Every structure is written in C-alpha cells, then in structure tokens.
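The values are calculated or read from the model by the stated rules, or taken from the named source; none is laboratory data. These figures come from a predicted structure and were not determined experimentally. Using ideal geometry, Cβ is built from the backbone for each residue, glycine included, and neighbour counts are taken over all protein chains shown. Surface areas here come from the heavy atoms of the whole protein model, side chains and all, with no ligands, DNA or RNA. Shrake-Rupley method; radii C 1.70, N 1.55, O 1.52, S 1.80 Å.
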Amino acid sequence: MLSRLLFVSFFLISNVLIAESDVEQGNKTDSLKLLLEEPHSVGDKIELLKQLYDVSAPQNELYALRLIELAQNQGDDKEEALSYILLGKTRYVQEKYEQALESYLKALEIIEREDLKEIFSRIHAHIGITYFLLNDYSKAIIHLKGSVEYENKKSIENRKISCFNTLGNVYVKIGDYPSALQYYLEALKILEIANNDFAVMSRVINNIGIIYTELKNPDKAIEFYNRALAISGQTKDKQLKSTLLSNLGICYLDKSDFNKAENYFYKGLEVIGSESNAAKAYILNNLGTIYLHHDKFDLAMSHFRESLLINKTISDVSGIVNAYGNIAKVHREKSDYKPALEYFNKGLALAQQYTLKTPIPWIYKDISETYKLLNRPKEALKYYELYEQQKDSLFNKEKATIMSNMEVKYEVEKTEKENIELKNKNKIETYKNAVLIGCLIMLLIVSGFILSRQLAKMKNNKLLYKKNRQLDKTQKALIETDLKNTKLQLEYKKGELTNLALFITKRNDFLNNLKLEMAKASRKLETEKDKSLVKQLQIQVAQSLDLSKERKQFYIYVEQVHQEFFLKLHHLFPGLTTKERQLAAYIRLSLSSKEIASLLNIEPMSVNVNRHKLRKKLGLNKNDDLPEFIAQI
C-alpha cells in the first residue's frame, strides 16, 4: 500500500521577535517589573506592559489581561482592541483555539463599533486562520478574504501571503483544487516580487505541486517540486527538503518510473539521516512497495519492518496499520499464508481499536483474498461480505463529506453575494442621500412643484401597493394549488405502490396454487407426452415465481416515492439495516405480513420475527403501535 506524504505548508501570522538569551530576557523582565511598580501614568503603564509581553512569554496571558483592564479604565477603544488581539495570540500559541477565537471576536466587535479601519485586515486574518484550525472552513474563507480585501499597504505583504496560503489550504480541505491553486499562485506572485523569503516561497511552490499531483498531472507537479527543491537549498529546512524529494518520488511512481522514484526516495532518506519521524517511515514504506512490485521480497520486508519500527516509536497508529498490511502482503506473495493472516488481523484489530475507518474495508478484502488462495471459500465469503458492508459505509461517509464541502462552498458564495448586495445597497443609499439633499435645496426654490410631484408619487405608490397586494394573493393561491396537486400526486403514487404490491402477492399465490394443481394432475396422467407437457408448464410457472427482479424494481420505486421518509428514517435511526428499512417502508404502505413475506420471499412467521426486531431498534414499548409510529415519521 503506497503512502502519499504530501506536505501542505501552513505558516502563521505573528510578530517576529528577536531571540535573546535566557539571562538577557530574565534581566530585562526584572527591570521592567521594577519600573512597573513605580508610579506612572496609565499610558506609560500600558507601554511597560507591552514590553513585558514581548519578553516574558510564560506570563503573557496575565499581562494581556492587565492591558485590557487599563485600556478599559482609560476608555481607549483602540488599545483595548489591540490588547484583546494580544490575548488571542497568547491563547493561540497555547493551542487554546476556541479561547483565542473568543478574544479575537471581542476585538472585532470593538474594531467594527469604532470603525478602526487600520486594524481590520489584522483581526480578520487572525480570525480566519483560527477558524481554519477549528475546521470551520466557510467562516475561515470569509474572514481571510476580508483580510486581503481590507489590506492595501505594502508594508504588510507577509499577512497577505499568509492569508492567500491559508485560503489555499482551506480549499484543499474541501476538495476545491482549482480555487486552492488560484490562491497559492496569488501568494507566489507576491513572494516573487519581494524575492527574499526563500523558506516561505519553497513551501508555497510545494503546495502548488501538491495540487497538480491531486489533479493527476505528475509532469506539472514535478516541475514545481523541482523549483521548490532548488529554492529550499538556500534554507536549512531538512524536513521540507526530504518531503519534496519524497513527493517527487510519488510523482514518478504515478508515472510508473520505478527507478527514478527509488532514487528520489533514497535521496529523501539521506536528508533525514538517522532521525526517526513520520516522513522517514513513509519513504521506507514506499520503497518497500517498489520492491514488492518487483518481487524483491527480502528487500521489501526489511523496509516494511523498519517502517513499522519507526511508526511504533513515534506512536503513528495509521502508519503501524499500513506497515502490518504491507508485511502481510509480502508473506502472501511468498505463499506464507498463516503469518500473512496474522499480520492482517493485527492491523485490523488496531484499526478497530482506534476507529480508523478508511483501512478496515481493504483489510477485510485482503483477508478474503488470502482465504481464497487457501481454498477456504466459507471464510473468504465471510470477509468479502464484511468488505462490501464497510465499503458501503465508507462510501456514505465520503458522500457526507462531499455534501458538507458543498455546503461550505454554498455558504461562502451566499455570504459573498450578500456582501456584494450590501455594498450595492450602501452605494444606493449614498446616492439616495445625495439626491435627498438636492431635493431639499430644490424645495426652497420650487416648493410648489416638488409638492405636486410628491402627491402624484403618493398616488402612484398607492396604486402600486394595491397591485402588489393583488399579486401576493394570486401567488399565494397558486402556491396552495401546487401544494394540493403535490399531495394528490403523492397519494396517487402511494396507491399505485399498494396496488402493485397486492398484484405481485396475488399473482404469486395464484402461481403457487397452479403449481400444486399441476403436480396433482401430473400424477394422474398416463402418457409420457402429457407428463412432459405438464412438466414444461411447471418449469414456466416456477420461472414466473422468480420475482427477484420485480422485488428489486418495486423497492426502487418505493424509495423514489418515499424519499423524504427514508431520509428521516436514516437520520433518526442510522443503525437500521437495508432490510429493516425495506420492512418499515412496506409497513408504511399498510401491507399485511403475508404480503410482505411474498415481496421479501420469506415466510410470514419470519416477517413477524423481523417486525419484533424492528420494534426493538425503534425503541418501542409493547403498547406502542408499530404501523402508527412509522406513519408519523
């Protein structure tokens, strides 16, 4: 199993502080504390506290809170907003993101109330990045775009770069790669003009390479990775350099150029050296994959085992599961099925323990294939069925994620549209105000003319109001008619479903009776010709009794007609199986146990047992009526 280590760079907005030795900082802190104890004006105390904040990280939260208190006492709104930003930054560094967001939002409230435009860009950038870390992507996008929009000063280009890069990261998270690429390129454009921060530039170019990798364009990705690699040579960032080499190796794997892939992976290992980290484990895993592909089992095994050891050292559960699976595959390729199953089961147990949903279905599939090679069809079928179940569950989760990402895009687009409408409305309001002033001036000159126009306008408005009221009544009547028609259509379709179910049941009963009668008649016939003719009829009747296709089509039709019912049922009771949802739908159609048994091709007694199980899963008491409960969903 290939490990794709694609390193997305994320850097923060923060002040660059000059590093001092612990002794120097300690001496400076002590002297500032002594000065703070002396009598000073509020303004001087604020400045002293700011200096203490810069040199005394352990007590920064305390100093920020004192700054807020002093600013409030002095009635200095700008200083209060800046102090809340300092408090937010302190909590951000401590990874208390929700508390940091709370402080930033208090700062924003003051900034918007007092219209402190010079701080708009800064606060929106902080809020946007914090929302990103809290996985609230729609709000992150809105605030980061707001920061860029407010910022026009060249002196703070670093903030723009950070905002553009983080916007790219957000769009990567929601799977919108073209938008992510657009913002990474915006960040790169600013960096190329400045042409001085090689570390940041190489990270942004690496992110662009990742987008092309995800867009299945390895040649373009290689172009950007090589460019980032050349720039990273001017920095001392070993982690970035090793990751770039690994990403290049992955691109060449995608192109099936195994020699070049192997070469880049080994270069990545050289950069990492003896250090044990996730990047090294992934590279070793990928090298093992190449050797397994070329049937070099001993080399593959040694790399997979080394990867496993590192993953255990750094407690990377996902990496351990991946390594177990790859070791098992080597054993299976060597026809050592017993250890292969042992390692597959180790990975499965660990994945289940830590609820790693992604690898579980594929482990089930691998175990099924191993049992198949052992000629044990019963176990192979069991694990294949588990694979299908888990795969469907994973598909539904991915589908839900896609829907969630679509909601984020919709919310962002909706907010941007509202902002545009608000700006247009403000422009219109400004224009209206100007016109109103002009009208007032004109009123002093030609009051009579204006008055007559106003009277005419009032008359027209009255007529327009009457027309609008009539239009509202007409539209309301149309909506009510549409609702009635929709309800009638739904009732008609429900009736059709019930009739279709009854038809299938009755036809099935008729054919079963016919089958029994023909069996009796066959015993009384004397000639072989007559018996042969009856036997052919019996075969045709048996074929007609096979309703699997009709049952499937019938259930699809039920799902289409009762779409809202199935959505609510899944939302309220997500643990129900497909057959239990089917049974609930048939009960909703008021079908008897016998009719349901015919549709499901089971005995009526089995239907009663399944109804009892369904009651339990729905949490019903003995006195609760099952059909009535289902009808209310």
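Some points to look at:
- Look at segment 118-134: where a residue is closer than 15 Å to Leu82 by Cβ and of a type in the set (S, T, N, Q) and a partner is open to solvent by less than 20 Å² (accessible area, probe 1.4 Å) and assigned to a helix (DSSP H, G or I), sitting 6+ places away or on another chain with Cβ atoms under 9 Å, you get Ser121/Gly146; Ser121/Ser147; Ser121/Cys163.
- Residues satisfying the stated conditions in segment 172-199, i.e. open to solvent by less than 20 Å² (accessible area, probe 1.4 Å), at pLDDT below 90 and under 24 Å from the mean Cα position of the chain (by Cα): Ile174
- Taking first residues from segment 209-221 that are without any contact (Cβ under 8 Å) to a residue 60 or more places away in the chain and partners that are of a type outside the set (A, V, I, L, M, F, W, C) and not in a helix (DSSP H, G or I), the Cβ contacts under 6 Å between residues at least 6 apart in sequence or on separate chains come to Pro218/Lys255.
- The criterion of being more than 20 Å from Phe503 (Cβ to Cβ) and open to solvent by 80 Å² or more (accessible area, probe 1.4 Å) holds for Glu628.
- Residues that are touching a helix residue (DSSP H, G or I) at 6+ places or on another chain (Cβ under 7 Å) and surrounded by fewer than 20 Cβ atoms within 10 Å (Cβ to Cβ), drawn from segment 63-72: Leu65, Arg66, Leu70, Gln72
- Whichever residue in segment 82-116 is among the basic types (Lys, Arg) and over 20 Å from Ile161 (Cα atoms) and, among such residues, is least open to solvent (accessible area, probe 1.4 Å): Arg91
Quick grid of which residues meet (1) open to solvent by less than 30 Å² (accessible area, probe 1.4 Å); (2) farther than 29 Å from Leu350 by Cβ; (3) out of contact with any strand residue (DSSP E or B) (no Cβ under 7 Å at 6 or more places or on another chain):
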residue: Leu229; (1), (2), (3): no, yes, yes
residue: Ser232; (1), (2), (3): yes, yes, yes
residue: Leu253; (1), (2), (3): yes, no, yes
residue: Tyr264; (1), (2), (3): no, yes, yes
residue: Gly268; (1), (2), (3): yes, no, yes
residue: Gly288; (1), (2), (3): yes, no, yes
residue: Ile320; (1), (2), (3): yes, no, yes
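- When segment 234-251 is filtered for residues that are open to solvent by less than 70 Å² (accessible area, probe 1.4 Å) and either of a type in the set (Gly, Ala, Ser) or assigned to a helix (DSSP H, G or I) (or both), the ones remaining, listed by number, are Leu240, Ser242, Thr243, Leu244, Leu245, Ser246, Asn247, Leu248, Gly249, Ile250, Cys251.
- Taking residues in segment 292-316 that are more than 22 Å from Ser335 (Cα to Cα) and part of a helix (DSSP H, G or I), and partners anywhere that are open to solvent by less than 100 Å² (accessible area, probe 1.4 Å) and β-branched (Val, Ile, Thr), the pairs with Cβ atoms closer than 9 Å and at least 6 places apart or on different chains are Ser307/Ile283; Asn311/Val317; Asn311/Ile320; Asn311/Val321; Lys312/Ile320.
- Number of the condition not met by Lys216 [criteria: (1) over 30 Å from Glu102 (Cβ atoms); (2) not in a loop (DSSP other than H, G, I, E, B)]: (2)
- Output for segment 509-538, where each listed residue is loosely packed, with under 13 Cβ neighbours inside 10 Å and not in a helix (DSSP H, G or I): Glu526, Thr527
- Candidates Lys594, Lys579, Lys616, filtered to the one that is at pLDDT 85 or above, farther than 19 Å from Tyr555 by Cα and open to solvent by 50 Å² or more (accessible area, probe 1.4 Å): Lys616
- Test: Arg611 is open to solvent by 10 Å² or more (accessible area, probe 1.4 Å) and more than 36 Å from the chain's Cα centre (by Cα): yes
- Extreme residue, farthest from the chain's Cα centre (by Cα), among residues of segment 233-266 that are within 18 Å of Lys220 (Cβ to Cβ) and basic (Lys, Arg): Lys260
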